[in-house]
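Any read-out appearing in this document is the output of simple, stated calculations on the displayed coordinates, not a laboratory observation. Everything quoted here is computed from the prediction, not taken from an experiment. For neighbour counting, all protein chains shown are included, and Cβ atoms are generated from backbone atoms with ideal geometry for every residue, glycine included.
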Amino acid sequence: MERTQIPIRSFNPKRPGTLVGIIMTVSEYLGALYGSIAETRVADSYGPCAECSGTVASTEIDHGRMIAPELSLKNGAVLLWAGTNCAPVPRIKQLAAMLGIDYLRPLEEQDPGFISVLLYGHDKEPVSFVYNKRLRTEYYRGCVSNLQSMINTRTTSKGNLKMISFFSKQPECSACRGTGLSKGLSDIYAGGLTLAEVNKLPIDEMLSFIKCLRQSIDEPEAEIVEPIIIHLVPMLLYLSKIGLRTLPPVVAWRGLPAFSS
């Protein structure tokens, strides 16, 4: 099977981009790493799951994926808007100040009720905030409402469609158990772990695994995956630095095209 190439994208921690974009890129690169190794070991069983074609997703919002409570608001706890400059960002910052939430502390260390506010809105009073040098006063409607609006209006924006895909529920396929992988690829081990197992590692353990992977595979495979490792490490270092514990699950097949330099 001829695969689409993923171009190498350098990562700048000073301008990291959206947090969801980083998470999806890490998932893509992990998939590309295992896909590259699979090509050296498996003649025919590379590809998506035969039952679900690797597209096990819906447009039903998974509310539990939208907030990373181990993060502070500053570091991107509201994943939908983390790393963007859209109007909800200053609105949330001001809302937090109104409700006594520390913008710099992890949400899990503060009032648990604020997570519900972030998801579903705050209708007791409007929020005054500055956006594009203009003072605005609006009610905060919640990130669930915002995402549902994207779905209802049938957005064609690539960025919005990526967000809808990321925050949609992913029904588990009985054949591939939600990985989206063919049997041959799901059985590939590198460094003693499958791709599905690596995706479930805590970020710090995933970083250690990637750093040590060269020593646990043979030299031809190590040469193939070296460019991927070089670009994965700084992204994982960034995710570790901001306090993200694990990668939210992403349908694996979406991250399995080949990697090109």
Contacts under 6 angstrom Cβ, first residue in region 215-242 being in contact (Cβ under 8 Å) with a residue 24 or more places away in the chain, partner hydroxyl-bearing (Ser, Thr, Tyr) and surrounded by fewer than 18 Cβ atoms within 10 Å (Cβ to Cβ), 6 or more apart: GLU221/THR40; PRO227/SER261
Tally, over region 110-122, of residues that are more than 23 Å from the chain's Cα centre (by Cα) and either assigned to a helix (DSSP H, G or I) or closer than 19 Å to ILE242 by Cα (or both): 2
Close pairs from region 93-108: first touching a residue at least 60 places away in the same chain (Cβ under 8 Å), partner outside any helix (DSSP H, G or I) and small (Gly, Ala, Ser), Cβ under 7 Å, at least 6 apart: PRO106/SER72; PRO106/GLY243
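Could you list, in sequence order, the residues of region 74-97 that are part of a helix (DSSP H, G or I), charged (D, E, K, R) and surrounded by fewer than 22 Cβ atoms within 10 Å (Cβ to Cβ)? Steps first, please.
Just the residues of region 74-97 that are part of a helix (DSSP H, G or I), to begin with: 88-97.
If we keep only those that are charged (D, E, K, R) as well, we get 91, 93.
Within region 74-97, LYS93 is the sole residue that qualifies.
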Inter-residue pairs, beta-carbon under 8 Å, first of a type in the set (A, V, I, L, M) and in region 158-177, second part of a helix (DSSP H, G or I), 6+ apart: MET163/VAL20; MET163/LEU147; MET163/MET150; ILE164/LEU147; ILE164/MET150; ILE164/ILE151
